[in-house]
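A quick write-up on the structure given underneath.
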Amino acid sequence: MINSRNLVALGALLVWFFVPLSPARAQQQAAPPRAAAPSSLSALHIPRLEQGPKFDDFVSMSPSSPVISSMLKIDKFVQRDPSDGAPASQKTIMYLGYTDKNLYVVCLCLDSEPGKIRARRSRREQIDSDDLFGFVLDPFHDKQHGIFFYVNALGIQQDGIWDETHGPDDSFDMLWNSEGRLTPQGYVVWFEIPFKSLRFSPRAEQTWGIFFERDIRRNNEDTFYPHITRNAQGFLGQETDLTGLANISPGRNFQFIPYGSLRGFRDLDDRDPAHPFFTGKRVEGRIGLDSKIVIKDALVLDATINPDFAQVESDDPQITANQRFEVFFPEKRPFFLENSSFFNTPVNLLFTRRIADPEYGVRLTGKLGHWAIGALFADDQSPGRAVPPTDPLSGAKAYFSVLRVSHDLGKESSIGFMYTDREMNTVPLTLCTANPCIVRNNRVGGIDAKFKLSSKWLATAQALASYTRYNNGTHNGGPSYEYHLERSSSKLEYNASYRDASEGFQTETGFFRRPDIRRFSQFASYRFRREGKRLQWHGPGLFTINNWDHHGTRLEWFANSNYRFMFQHQTDFGVYTNLGHERLRPKDFSVLLSDRDYAHVHGGFFFDFGYFKPLFFFGDVNWGTETNYTPAVGPPVLARSNFAHLGATLRPFSGLTIENSYLFQRLRDNLSGASIFNNHIIRSKWNYQFNRELSLRLIGQYSTVLANSSATSLLTTKNINADVLLTYLVHPGTALYLGYNSNLQNLNPALAVDPNNNILTTRSGYINDGRQFFIKVSYLFHY
């Protein structure tokens, strides 16, 4: 079990924190988050208004009404990219004010070439490729957590959670109003943010942090007020203060979202892999309720009963064939999203997709003074539903409990504690042998810290211990540590991280790929800045990983070097090489008699091309050598590899967006060149936005693994999926969905299985192994 002696020992390691080793997230380095502003500027004193400004008062781009004359006016925007510190290339004029109930922001985005403004009528959130204006609010003024509100020139909304360490997350939706319109002088946008949608301290006099951003896509230009320089770490640390807010409150804030759904379906039941069969219903009804109560203006209590956690939005395709470790898919279910950043720590201890099928759940999140709090309790019916009714595990539930507490140290540093627990009454004899079915309990606890060492340097650290007990009575446990140090400046980016996870460390509530590892990684990039009309910057990047187990055996060495050229019009090009060695052990693959080393070499290139407004291309292509983890017989072998990810987004006219993508992976015998397998995933997504509320989406996807049975144990599979969804979204919480999904596979019509209980496949021909039609209605009651 986790005892105080373990936690004290783990906590003592925080003394190492100032050593230049720490956790790095390589995926986040190339694209730092959007926006922020300098605290050195004097505070913005926002005026109280007798009445809110109307959108029509600003459409002329020369406003003159009495309400406008009483608002705060700001017009000094400064570039962050491409020319840090230079004045914005286009004039931007903002107006701010508030009433008893709402915050108002209006912006006149003037443009000398209005015909080049990029603005499309699209689904909510899908505006990143458009010209944008928005702002980030830090209502608790802690320079660590915020919320953001952005719109394109047509008023299409994007909002979400801003976490200073992990960046923006637009999966959380809030209730607010916006308008936008193109004009001969540029465009104008209007924001009305109800205080009911915000969380802040109950003080009579408020001081919030804030910064504003305008993005001009054709120039790759990001401009801010106040100036958010690249020569400093983070964004919220550069925000300016917003004062003048007095005697405001969300008031009574109760939200209830009841829903009802009907569906008819036919599906493949393979819970007993030796005896799969088809099941279905003509009509199946379901009702449930989500509720939200705001306590003391700052704490949010979310509760759900019988939630409908089926995803309306589909996951983007990823290659899963020949993967050693689990592939990450992000959370999209609304119940888990508000204040989700309060649960973030360097090691991912809460991956809410582990709670696959809850019957109920309760969350408490928010901030009281310098204390941030997050607590969650939910059940999960998925283990008991993953087995046939005759299995001893049938009907069993897992229970998740999570507690997170952190305390601010100054404005940009913090120290915290997190504890997670997953419990289930397991049984020793069950068909399901996956971890969710055999783990009786898993408990993880530890402390973490974040320190802003200077304007350019940031450090984080975490120390953890876990205890896991299985259904056969065995148990294991152990510590894990992570340290991360990073530096940001206008030209040089650098970070280094160290992770030490013991052989027994495990988290069943978080996302964690492998134990028994000591991992040190570094990332560095340098940008040569130019003031050219076409080429804006170019420069090299280097990323390295070294992994060892706790016996000192080197498991992996990897190095990526690249050179990138950034041009105007959302266009860039780069080349890269990957060099690496991977050592596999008999404990990894039992067919190995001793450790074996595999050398990996790749060369490749990538590009983005957005010169033309209605068309955007991207691509990533490489070739080299890779490990075949699934040979037909014997241990893993080295193979030749090819990989490609290509895509094109077309917008032939406003309202229609067509997104096409192609993923390809191929392995061939390293000596003869004979095919091992080809994996193709082709996807086309069409969305037509009739107006801001009504949209029709169609997705067609074909995926196949063409396997050479003499070279791989993978089966040849072919899959065709069609998805149709009609959405009427009045605002988050109030919506109507009508959908149809159908899936075809090349399965044996009799559902015969091989000796390994895999359903046999056919070389040609398909059967429908799943289809569903559904209607879902929800309505937000807001008091």
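The values are calculated or read from the model by the stated rules, or taken from the named source; none is laboratory data. This one's a predicted model, so the numbers in the text were calculated from it and none came from an experiment. We place every Cβ from the backbone using ideal geometry, glycine too, and count neighbours over all the protein chains shown. Note: accessible area is taken over every heavy atom of the protein model, side chains too, but ligands, DNA and RNA are not part of it. Shrake-Rupley method; radii C 1.70, N 1.55, O 1.52, S 1.80 Å.
For segment 642-687, what is one quarter of the convex hull surface built on the Cα atoms, given in nm²?
One quarter of the hull surface, i.e. the mean projection, equals 3.3 nm².
Taking every pair of alpha-carbon atoms in segment 319-457, give the share separated by more than 20 Å as a whole percent.
Cα-Cα pairs of segment 319-457 separated by over 20 Å account for 57 percent.
Within segment 627-658, what residues put their amide N at less than 16 Å from the label point 7 Å along the Cα-to-Cβ vector of residue 514?
What the label zone holds, given the 16 Å backbone N cut-off, is 627-630, 636-638.
Over 29 Å between Cα atoms: which of 613/685; 101/450; 367/685; 76/116 fall into that group? Spell out each step's value before the answer.
Details: 613/685 19 Å; 101/450 35 Å; 367/685 40 Å; 76/116 23 Å.
Long pairs (Cα-Cα over 29 Å): 101/450; 367/685.
Could you work out how much longer the chain between residue 453 and residue 728 gets when fully extended? Use 0.36 nm per residue separation minus the Cα distance between them, nm to one decimal. If you can, show how the numbers build up before the last one.
Working: separation 275, 0.36 × 275 = 99.00 nm, distance 4.81 nm.
Taking residue 453 through residue 728 to full extension adds about 94.2 nm, to one decimal.
Once the piece of chain linking residue 296 and residue 45 is laid out straight, how much longer is it, given 0.36 nm per residue of separation minus the C-alpha distance between them?
87.9 nm
How much of the accessible area of the chain, in percent, comes from carbon and sulfur atoms when a 1.4 Å probe is used?
Of the solvent-accessible surface of the chain, carbon and sulfur hold 58 percent.
Applying 1/(1 + (r/R0)^6) with R0 = 41 Å to the Cβ-Cβ distance of residue 407 and residue 611, what FRET efficiency is obtained, to the nearest 0.05?
FRET efficiency, residue 407 to residue 611: 0.25.
If you stretched the chain out fully between residue 435 and residue 682, how much longer would it get, using 0.36 nm times the residue separation minus the C-alpha to C-alpha distance?
85.7 nm
Just the number please: accessible area per residue for segment 486-618, 1.4 Å probe, all protein chains included, in Å². The partial results should precede the final answer.
Working: 6480 Å² over 133 residues.
So segment 486-618 comes to 49 Å² accessible per residue, rounded to a whole number.
Between beta-carbons, use under 10 Å as the cut-off and find the net charge around residue 412, counting Lys and Arg +1, Asp and Glu -1.
Working: positive: 143, 411, 450, 452; negative: 142, 164, 408.
My count for the surroundings of residue 412 gives +1.
In the chain, which cysteines lack any other cysteine Cβ under 4.7 Å from their own?
Flagged as lacking a Cys partner: 107, 109.
What residue among 406, 461, 742 has its Cα farthest toward the positive end of the dipole of the chain, where the charges are +1 on Lys, Arg and -1 on Asp, Glu, each on the Cβ?
742
Would you work out which of 82, 634, 209 lies farthest towards the positive end of the dipole of the chain? Charges go on Cβ: Lys and Arg +1, Asp and Glu -1.
Of the options given, the answer is 82.
Please get the size of the charge dipole for segment 401-461, origin at its Cα centre, with Cβ charges of +1 on Lys and Arg and -1 on Asp and Glu, quoted in debye to the nearest 20.
Working: 8 positive and 5 negative charges, 33 e Å.
With Lys and Arg at +1 and Asp and Glu at -1, about 160 debye.
Students often check this: by mean Cβ neighbours within 10 Å, which of 185-197, 163-175 ranks highest, and how do the rest follow?
In decreasing order of mean packing, 185-197, 163-175 become 185-197, 163-175.
To check you understand DSSP bridge types, tell me what percent of the beta bridges within the chain (both residues inside) are antiparallel, rounded to 5. Can you show the working numbers first?
Working: 333 of 336 bridges.
The antiparallel fraction comes to roughly 100 percent.
Work from the charge dipole of segment 145-204 (Cβ charges, +1 for Lys and Arg, -1 for Asp and Glu, about the Cα centre) and give the residue of 154, 172, 188 farthest towards its positive end.
Farthest along the dipole direction, towards plus: 188.
Using the 2.2 N^0.38 Å rule of thumb for compact globular proteins, work out how the chain stacks up: its C-alpha Rg over that value, please.
0.98
Calculate the FRET efficiency for residue 475 and residue 591 from the Cβ-Cβ distance with a Förster distance of 35 Å, rounded to the nearest 0.05.
Using R0 = 35 Å, I get an efficiency of 0.80.
Tally Lys/Arg at +1 and Asp/Glu at -1 over every other residue whose Cβ is under 10 Å from the Cβ of residue 117; what's the total?
Summing Lys and Arg as +1 and Asp and Glu as -1 gives +1.
Tally Lys/Arg at +1 and Asp/Glu at -1 over every other residue whose Cβ is under 10 Å from the Cβ of residue 385; what's the total?
It works out to a net charge of 0.
Quick check for you: with a 1.4 Å probe and neighbouring chains kept, what is the accessible area per residue of segment 328-440, in Å²?
Accessible surface, normalised per residue, equals 39 Å².
Placing unit charges on C-beta atoms (Lys and Arg positive, Asp and Glu negative, everything else neutral), compute the dipole magnitude of the chain about its Cα centre in debye, rounded to 20. Provide the component values of the computation, followed by the final result.
Values: 83 positive and 79 negative charges, 138 e Å.
Magnitude of the dipole: close to 660 debye.
What FRET efficiency, computed as 1/(1 + (r/R0)^6) with R0 = 30 Å and r the Cβ-Cβ distance, is obtained for residue 204 and residue 370, rounded to the nearest 0.05?
Efficiency, rounded to the nearest 0.05: 0.95.
Let me have the relative contact order for the chain, percent, based on Cα pairs under 8 Å that are six or more residues apart.
Values: 2183 pairs, mean separation 83.6, N = 783.
Relative contact order here is 11 percent.
Charges only on Cβ, +1 for Lys and Arg, -1 for Asp and Glu: so what's the dipole of segment 625-721 about the Cα centre, in debye to the nearest 20?
For segment 625-721, the charge dipole is close to 220 debye.
Beyond 18 Å, what share of the Cα-Cα pairs of segment 120-185 remains, rounded to the nearest whole percent?
Details: 808 of 2145 pairs.
Tail fraction, whole percent: 38.
Seen from all sides and averaged, what is the projected area of the convex hull of the Cα atoms in segment 81-120, in nm²? The partial results should precede the final answer.
On the way: hull surface 18.7 nm².
Its average projected convex-hull area is 4.7 nm².
Give the residues of segment 518-542 whose amide nitrogen is closer than 15 Å to a point set 7 Å from the Cα of residue 490 in the direction of its Cβ.
In segment 518-542, the label zone of residue 490 (backbone N under 15 Å from the point 7 Å along Cα→Cβ) covers 527-532, 537-538.
Give me a comma-separated list of calculated 3J(HN,Hα) values for segment 139-149, in order, Karplus coefficients 6.51, -1.76, 1.60 applied at θ = phi - 60°, integers in Hz, x for any Gly or Pro.
So the J values, rounded to whole Hz, are x, 8, 6, 9, 6, 10, 10, x, 9, 10, 9.
For segment 704-710, in order, what is each residue's ³J(HN,Hα) by Karplus, 6.51 cos²θ - 1.76 cosθ + 1.60 with θ = phi - 60°, in whole Hz (x at glycine and Pro)?
In residue order, the calculated couplings are 8, 10, 9, 9, 8, 4, 7 Hz.
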